[in-house]
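Have a look at the structure below before the remarks.
The values are calculated or read from the model by the stated rules, or taken from the named source; none is laboratory data. The model shown is predicted, which means the values in this text are computed figures rather than measured ones. Glycine gets a Cβ as well: all are built from the backbone with ideal geometry, and neighbour counts include every protein chain shown.
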Amino acid sequence: MAIGPKLGQATDQNFEATVLGASKPVLVDFWAAWCAPCKMLRPVVEDLAAEYGERVTIVELDVDANPIIASRFSVLSIPTLILFRNGKPAQRIVGYQPRASLKQKIDAVL
């Protein structure tokens, strides 16, 4: 999967600064190239990135390339989306869900 134009890249190396140290909420999309539901979710996540704009940073993290962070946050199934607020997980969404459901869960934290 190519990185979408609106999605940043989180890694084991930059996670602290990119996600935990961010001044605004960050939604992390935990995914892998072989994951079909992850591919289905990608356009939805890109659409949310466009909608939330400056209010929420949305990044992706490839669990195969970055196993330390995936393990640290107990990501056992993908896709998993975790919304971090003030450096802490505030919402966890596991599996493919429709856009309206994702938006409702994100809005509940904002």
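Points worth noting:
- Residues in the stretch 31-55 that are out of contact with any helix residue (DSSP H, G or I) (no Cβ under 7 Å at 6 or more places or on another chain) and hydrophobic (A, V, I, L, M, F, W, C): Ala33, Trp34, Cys35, Ala36, Cys38, Met40, Leu41, Val45, Ala49, Ala50.
- Of the residues Val109, Val94, the single one that is β-branched (Val, Ile, Thr), in contact with a Ser or Thr (Cβ under 8 Å, 6 or more places away or on another chain) and surrounded by fewer than 19 Cβ atoms within 10 Å (Cβ to Cβ) is Val94.
- When the stretch 78-91 is filtered for residues that are surrounded by 11 or more Cβ atoms within 10 Å (Cβ to Cβ) and of a type outside the set (D, E, K, R), the ones remaining, listed by number, are Ile78, Pro79, Thr80, Leu81, Ile82, Leu83, Phe84, Gly87, Pro89, Ala90, Gln91.
- Sole residue being more than 14 Å from Leu102 (Cβ to Cβ), modelled with pLDDT of 95 or more, of a type in the set (Val, Ile, Thr) and touching a helix residue (DSSP H, G or I) at 6+ places or on another chain (Cβ under 8 Å), chosen from Val28, Val63: Val63
- Flag if Val45 is touching a residue at least 24 places away in the same chain (Cβ under 8 Å), under 17 Å from Ser77 (Cβ atoms) and surrounded by 19 or more Cβ atoms within 10 Å (Cβ to Cβ): yes
- One residue stands out in the stretch 6-42 among those that are of a type in the set (A, V, I, L, M, F, W, C) and in a loop (DSSP other than H, G, I, E, B): the one that is farthest from Ile78 (Cα to Cα), namely Ala22.
- Of the residues contained in the stretch 66-75, one or more are found to be touching a residue at least 24 places away in the same chain (Cβ under 8 Å), surrounded by fewer than 19 Cβ atoms within 10 Å (Cβ to Cβ) and β-branched (Val, Ile, Thr).
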